[in-house]
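Taking it in order: structure first as structure tokens, then the write-up.
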Ligand SMILES: Nc1ncnc2c1ncn2[C@@H]1O[C@H](COP(=O)(O)OP(=O)(O)OP(=O)(O)O)[C@@H](O)[C@H]1O
Ligand SMILES: Nc1ncnc2c1ncn2[C@@H]1O[C@H](COP(=O)(O)OP(=O)(O)OP(=O)(O)O)[C@@H](O)[C@H]1O
Ligand SMILES: [Mg+2]
Ligand SMILES: [Mg+2]
């Protein structure tokens, strides 16, 4: 095989260089946004603002990390926003109910935490089993459960808002607002989740199997991959992470209602795709998702920090930037 | 030398039966719903109720028919709901603006109709070109334009509601509420659109090309199909049909606001998938989509026929039925 | 005829993929009424040359001449308009569409605005009949067999009135009978003045139908001359760059070992009925039969890829049905015949593909990437996988090299028992020899092999014992000197006067 | 006695106030059904105007309603369909958001949105005699939100109060929290916040507390959520007052409508429930501990 060195124009696919630029895409978009932020408002880089943006990103971020696995394995989950609302409501109900027995104690909060994790796990398993065992399209399954959880939380709250007991809130509050060494807990949790997930995606058999299933399910099956098990696991993992996100969410305002988590699913999916994961499955990138989440949060933050545009048009600016962020990425790739 | 002579196997005969049962799936689900409706309320089959259900299915129905082509060709469009709101707003603004010159006349309404069609066409073309020429994932493009149109209509309406001039409304109103031979116009338009689309899908090269592109873009390209052109055409067609749906929608409510058409995209996509079209593309069925739309409308209607469940739980029932409707379909197929 | 001016020609064409050059100053010409065969090792650049001729790829340098005029095809459409049609090595059919829809894709017949279904159905029927292919025009392509897909592909090419027909290994998945049908069509087209470019790794075919032969080696044209006077051996030597010795390793004389795989009354609903056989340690067991005899399905049933009734025992232990992983743990793996749909992740790297089946061997909590890289080095060396770079996607390997990668992937699981289904499809003659040697050595080392092939000489040359299947049942078994073409064909076709030696075997 | 069917059509509980309104509607329906055997109710909730029109069509076509109590999602789109119901001779009660055309309804029970904004604005003028900097959290972009904000702006005109910025918090706690966090980053000097709804006030308060700027500013919410009323009652310095916009008006409307069918005294006309300022002095009168809102 003679592989000659050439200096001529690249005539076709050169994965190496192409991928490098493709990788840079989301990072460049993020950097551009940061520069814009700095130019528009000197407070943009302040400790408080950065903490705010990162901490706020944590919920969607943790969920989007889980979504990365589901999408990589060729699935989709529209129910996460409703699921988060439902779990938050359930968690509050359980903690309020436990209060007379366990008092305003860490135990009560641990009961709530356990509830959230178990509920997330179960909800994820339901989605996963309906997709794999009943063989229904993920879009339909999760559209269905999306409606179900949204209804359930409305029903639990009697149409109103479920609020955590005031004293308990005081005890639980630091989980969102405090941290160690000046880094807020949600940021720490988000970082840890993202790190573990990045490792799971790139350095474990599970991550490989997800990509294989999303790339060609048949080939995965012939390669002794437990397709149904792995696919179900992605939904369970996502459910669990929705639970984790909820654990960070509830201490923030101490309440849940039918308007909690509305459209989180779209935001999470958008973050995943902006990060370079393919919607058709087969290729996923956790750190890309993290960048995607930050891009989305920053857009909102920057729009709030300036008054250049009518607030009515915020959504339009947001839409334009989302498209541009991806154009940037794709153009870079095309230019290889 | 290899072994000669193949055994005379009837290749391709087997799928027949499987497909037949698969075909029945959505119809069975629809029939079950109709029976439930009849049992719950004797007025279910009344002329008025049937007209109501069919006429109000028309908007989503017309859009879902267009969506069938987009999805069959491997695309997706999340922007249709916002697009409908924007076009409705624009149409009202244009008609109100034309009023001083053209008066309360059919001409004014025709100007509005033309506006809607042109706007739909342009909006569809924008989506289509961003997907094909800029090579951005359809999910991101249309998520972006979804935000943009939603914002634009809010901005056009200054945060409130855009209302059609009262007198003009009187003239335009029959387009939704009247009909010929007792069949309301929206039903007629929906039927005509569905019929033409069914023919386009099954009996024209365009329909075949959509399926081929969705099935395997590379193959379509190699077979001299104008892939980009056909794919753009699906978005343009969808945009145009959103325009048509809006033309039927405006006389119903005579106004547009930022809450117009919210979540229509999900409903349209769900109808398409319930009807048996595959989300991954490659296979589309227009009549299935029509059945899917009717199923979704009937669920809402039936829930209003009874007060067995708390209205808070409507969404849950809806979710369960959507999943069940598809389970029915899948089980039938598995049983072949 | 050979003196006619060329219809289509390449003039000093080079082609690079990124920094890697795969074609070097290739000159090539096609004349009307001539069958021109292009042969070479896997990865020599045959498919690339063909794609450049048919307008699917652009040349990096050099000119393409159509009727003597330089031309640049904007796309394959331009080439098709010029009457150049190509049958791809890899299937080029939309799986969810029907046969008829595929045949007419992009060139639908219309009656007014609408499609003329009846005319298209009828014409498809005629085309398929001409190819003696029995599939229904309305059958979905995903539901038909691999050979039938190839016939549909050929029908599609025939339906376009071509001046130039380019065929990339059309017979790799065809049986002899089907190949004969194809040759008859080629004959007809040649007589009609069509220029035909043909490639195949079956050199006997090439010798039979080619008027002119060009040999590519590592992207260079090393030989181009009329077919007369070029023997198969000479072709092989020109391709490989050395003389070829015996294709098959010497048969081993050995006492059968203990049974390692016992299959009893295994039924795969709808395709295989009550199959029973055993495989001994260190044995190479051939499986022969007509296409559609159910060999593939039986093996897929054994390893847990299909629902089955009956029992499978490995080393005396019953095997858990329905689990490929359980089979793998028991030391039993299956190498699929369908590398594209079931074997490889075409858009994933070589490394990811290589280790997918045996990933647990590289996983100690985390995946050992260094170990994977080393395994890839090894596989590239051991199986002679020719790749321009280690980082390309598997789908960018040449067809034959994909097959080698698939074999390497299966072997990496280090199975005691390996079932190999049609391993030499699309493999060049030199590599075939390497694969035979490899299988031979496996058996020597005490592994057991089931070898399925529709190439009868392969089965005869390699196997110590041959099981023949016919319409989903095991028709008989042959050993030692009874293994010959006639005996296999008789069993495979169910002829009554089965040789009596059979009963004793 | 003949059975009468009363249809109630309201927007779904997509934010706190609507949730409270849903609760009161459900509660009134349950209570009246229990009390009066001859009354039958159909309660539907709609997530958009189009769905609400469909709900009303269904009530007419399949449930033969004798009266309709409707809280329009939006005025304009509901005007035509409700007018058609009225034309059939069905009793129509319109709640909160007036229809675009006068004289359709028999009974009108409503809050006063411009008044809500005005009362809020007046409170600011009164409590910021030297003027100052404020930020405003608006609701979901709708006519209601516009009316409130316009009323507010008119009330503070010329008082030297500068609105640094207005953003939509969408009557949502989370959105308000986010917007307020960013306002706090952007403006070092904020004297007060008008969150045009108590849900948003909850979010804004959390953000202010987090920034440690509780002593710099106070927050005026609105609608009379029980937690807020309680804090006013407890003389919380950050919540010096609240402005009512009672979700219970739906219950009033349903009850008044029901009276038509159970008594001989039909009640028609307009009932405007003005927005009142809740201060520590009168807070007790507005505190309903059992309501979800
Ligand atoms: N898209 C691509 N990107 C990178 N390398 C490629 C690409 N396509 C082909 N190649 C490389 O070009 C070389 C020639 O491939 P080609 O498919 O022409 O071989 P071939 O002669 O047809 O072999 P075979 O007999 O195995 O089909 C191979 O090394 C292959 O890996
Ligand atoms: N990919 C496929 N999809 C659907 N049916 C298939 C497929 N492959 C094979 N079949 C069908 O299964 C039956 C037997 O398969 P197959 O031809 O693979 O048998 P075989 O004995 O393994 O023959 P060979 O391996 O020589 O081709 C045939 O009727 C064939 O049409
Ligand atoms: Mg090749
Ligand atoms: Mg086979």
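Tabulated data for the structure shown
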quantity: Filtered residue count, segment C:277-296, keeping only those that are over 18 Å from residue C:487 (Cα atoms) and away from every other protein chain (no Cβ under 14 Å); calculated: 8
quantity: Residues (within 13 Å of chain A (Cβ to nearest Cβ), away from ligand 3 (no atom under 16 Å from the Cβ) and within 24 Å of residue C:429 (Cβ to Cβ)) located in segment C:9-40; calculated: C:24
quantity: Residue D:80, sole failed condition from (1) facing chain B (nearest Cβ under 7 Å); (2) more than 17 Å from residue D:108 (Cα to Cα); calculated: (2)
quantity: Meets criteria (within 16 Å of ligand 2 (Cβ to nearest atom) and outside any helix (DSSP H, G or I)) for residue C:424; calculated: yes
quantity: Restricting segment C:452-468 to residues that are within 11 Å of chain B (Cβ to nearest Cβ) and touching a strand residue (DSSP E or B) at 6+ places or on another chain (Cβ under 8 Å), the residue that is nearest to ligand 4 (Cβ to nearest atom); calculated: C:454
quantity: Sole residue being out of contact with any strand residue (DSSP E or B) (no Cβ under 8 Å at 6 or more places or on another chain) and within 16 Å of ligand 3 (Cβ to nearest atom), chosen from C:445, C:432; calculated: C:432
quantity: Residue that is farthest from ligand 1 (Cβ to nearest atom) [pool: residues in segment C:49-59 that are within 14 Å of chain A (Cβ to nearest Cβ) and more than 15 Å from residue C:12 (Cβ to Cβ)]; calculated: C:56
quantity: 3 or more residues within 16 Å of ligand 4 (Cβ to nearest atom) and assigned by TED's automatic domain parsing to the domain that holds residue C:471: qualifying strands (runs of 3 or more DSSP E) within segment C:191-306; calculated: C:284-289
quantity: In segment B:96-107, residue nearest to residue B:265 (Cα to Cα) [restricted to those that are out of contact with any helix residue (DSSP H, G or I) (no Cβ under 7 Å at 6 or more places or on another chain) and outside any helix (DSSP H, G or I)]; calculated: B:105
quantity: Helices (runs of 4 or more DSSP H) enclosed by segment A:172-277 - at least 1 residues per element that are closer than 30 Å to residue A:322 by Cα; calculated: A:174-177, A:185-203, A:205-215, A:227-253, A:264-274
quantity: Flag for residue D:73 being within 9 Å of another protein chain (Cβ to nearest Cβ), out of contact with any strand residue (DSSP E or B) (no Cβ under 9 Å at 6 or more places or on another chain) and touching a residue at least 60 places away in the same chain (Cβ under 8 Å); calculated: no
quantity: Residue in segment C:164-185 that is surrounded by the most Cβ atoms within 10 Å (Cβ to Cβ), counting only those that are in a strand (DSSP E or B) and away from ligand 1 (no atom under 16 Å from the Cβ); calculated: C:165
quantity: Residue among A:76, A:93, A:110 that is part of a helix (DSSP H, G or I), within 30 Å of residue A:199 (Cα to Cα) and modelled with pLDDT of 90 or more; calculated: A:110
quantity: Subset of segment C:322-335 (residues that are more than 8 Å from chain A (Cβ to nearest Cβ) and within 16 Å of ligand 4 (Cβ to nearest atom)); calculated: C:335
quantity: Flag for residue C:62 being on the phi > 0 side of the Ramachandran plot, within 14 Å of chain A (Cβ to nearest Cβ) and under 24 Å from the mean Cα position of the chain (by Cα); calculated: no
quantity: Criterion violated by residue C:100 - all others in (1) within 30 Å of residue B:204 (Cβ to Cβ); (2) more than 16 Å from ligand 2 (Cβ to nearest atom); (3) part of a loop (DSSP other than H, G, I, E, B); (4) touching a residue at least 24 places away in the same chain (Cβ under 8 Å) satisfied; calculated: (3)
quantity: Pair list, Cβ under 6 Å, 6 or more apart: segment B:164-176 residue at the interface with chain D (Cβ under 9 Å from one of its Cβ atoms) and within 16 Å of residue B:98 (Cα to Cα), other residue in a helix (DSSP H, G or I) and modelled with pLDDT of 90 or more; calculated: B:164/B:92
quantity: Pairs, first touching a residue at least 12 places away in the same chain (Cβ under 8 Å) in segment C:388-409, second outside any loop (DSSP other than H, G, I, E, B) and within 16 Å of ligand 4 (Cβ to nearest atom), C-beta under 6 Å, six or more apart; calculated: C:402/C:339; C:403/C:339; C:406/C:339; C:406/C:343
quantity: Residue that is farthest from the other protein chains (Cβ to nearest Cβ), among those in segment A:218-235 that are surrounded by 24 or more Cβ atoms within 10 Å (Cβ to Cβ) and touching a residue at least 60 places away in the same chain (Cβ under 8 Å); calculated: A:234
quantity: Selection within segment B:147-175 - crowded, with 23+ Cβ neighbours inside 10 Å and within 20 Å of the chain's Cα centre (by Cα); calculated: B:147, B:149, B:150
quantity: Looking only at segment C:278-302, and only at residues there that are out of contact with any helix residue (DSSP H, G or I) (no Cβ under 9 Å at 6 or more places or on another chain) and farther than 24 Å from residue A:221 by Cα, the one that is farthest from ligand 1 (Cβ to nearest atom); calculated: C:278
quantity: Residues that are in contact (Cβ under 8 Å) with a residue 24 or more places away in the chain and not in a helix (DSSP H, G or I), drawn from segment D:235-265; calculated: D:235, D:238, D:239, D:240, D:241, D:242, D:243, D:244, D:245, D:246, D:247, D:248
quantity: Residue match in segment C:352-361 (condition: within 16 Å of ligand 1 (Cβ to nearest atom), over 26 Å from residue C:291 (Cα atoms) and buried (at least 16 other Cβ atoms within 10 Å of the Cβ)); calculated: yes
quantity: Matching residues, segment C:389-418, being surrounded by 23 or more Cβ atoms within 10 Å (Cβ to Cβ), over 22 Å from residue C:362 (Cβ atoms) and within 12 Å of chain A (Cβ to nearest Cβ); calculated: C:398, C:401
quantity: Test: residue in segment C:41-54 that is in contact with a helix residue (DSSP H, G or I) (Cβ under 6 Å, 6 or more places away or on another chain) and more than 16 Å from ligand 3 (Cβ to nearest atom); calculated: no
quantity: Residue check for residue D:132: closer than 28 Å to residue D:78 by Cα, in contact (Cβ under 8 Å) with a residue 40 or more places away in the chain and more than 14 Å from chain B (Cβ to nearest Cβ); calculated: no
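Rundown of residues vs (1) at the interface with chain B (Cβ under 9 Å from one of its Cβ atoms); (2) free of Cβ contacts under 8 Å to residues at least 40 places away in the same chain; (3) away from ligand 3 (no atom under 16 Å from the Cβ); (4) more than 21 Å from residue B:209 (Cα to Cα), yes/no style:
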residue	(1), (2), (3), (4)
C:116	no, yes, yes, no
C:121	no, yes, yes, no
C:126	no, yes, yes, yes
C:137	yes, yes, yes, no
C:155	no, no, yes, no
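The values are calculated or read from the model by the stated rules, or taken from the named source; none is laboratory data. Just so it is clear, the structure is predicted and the values come from calculations on it, not from any experiment. We place every Cβ from the backbone using ideal geometry, glycine too, and count neighbours over all the protein chains shown.
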